[in-house]
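The values are calculated or read from the model by the stated rules, or taken from the named source; none is laboratory data. Computed from a predicted model, the values in this text were never measured in an experiment. In this analysis, Cβ positions are derived from the backbone assuming ideal geometry, glycine residues included, and neighbour counts consider all displayed protein chains. Note: accessible area is taken over every heavy atom of the protein model, side chains too, but ligands, DNA and RNA are not part of it. Shrake-Rupley method; radii C 1.70, N 1.55, O 1.52, S 1.80 Å.
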Amino acid sequence: MMASFTVFLSHSSKDKAFVDAAFEALHKAGVRAWYDRYEIEPGDSITTKINQGLDAAHLGLLFISDSFLSKEMGWPMQEANYFFQQRIRESAKKFVVVNLGLPIERLPPLLRDYRYIDGYAPDGYQQIVEAVTRVKDSS
């Protein structure tokens, strides 16, 4: 039996309000989302839990913002690098970029080629659910 489809929510802690709403939209649509807020308990190793979440994920949602790209935020870019490497190795869609207000020139160079979802569009959450559902249904 195949493990249930899981999407990993890669984000900066400064973008939690947006990610909370995206998580709720995915949950209502019946999509299992790995979200650190619910997966990492007090006393857990953060590194171990994130590694487990990445390993179990079928798709990464990369919520890219100024905070995401900040050098002080280490984790988000490492997670993005993981999903990008998976994309190269498997030649399959492994991530979807949700742009939270950045001009295309500020996106990491290797991600500029990928069509992204404008998270702040009026139907941004709906676009996220639809994109994830398409990948889920095709896997």
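Among Ser138, Ser12, Ser67, what's the order by accessible area (1.4 angstrom probe), most exposed first?
Ser138, Ser67, Ser12
At 0.36 nm per residue, and after removing the present C-alpha to C-alpha distance, how many nm does the segment from Arg37 to Gln52 gain when stretched out fully?
Gain on stretching Arg37 to Gln52: 4.0 nm.
Run the simple label-point estimate for Glu130 and Lys71 please: 7 Å along Cα→C-beta, distance reported in nm.
Calculated label separation equals 4.0 nm.
Could you derive backbone 3J(HN,Hα) for the stretch 32-37 from the dihedral phi with the Karplus parameters 6.51, -1.76 and 1.60 (θ = phi - 60°), listing whole Hz in sequence and x where the residue is Gly or Pro?
6, 10, 8, 10, 3, 4
Expressed as a fraction of 2.2 N^0.38 Å, the rule-of-thumb size for a compact globular protein of N residues, what is the C-alpha radius of gyration of the chain?
Normalised Cα radius of gyration, the chain: 0.98.
Taking only DSSP H segments of four or more residues, each worth -39500 (n - 2.57), what value at 222 nm results for the chain once the sum is divided by all its residues, to the nearest 500 deg cm²/dmol?
-13500 deg cm²/dmol
Assigning unit charges at the beta carbon (Lys, Arg +1; Asp, Glu -1) and nothing else, what dipole magnitude in debye, to the nearest 20, does the chain show about its Cα centre?
Taking the Cα centre of the chain as origin, the dipole is about 320 debye.
To the nearest 20 debye, what is the magnitude of the charge dipole of the stretch 30-87 about its Cα centre, counting +1 on the Cβ of each Lys and Arg and -1 on the Cβ of each Asp and Glu?
200
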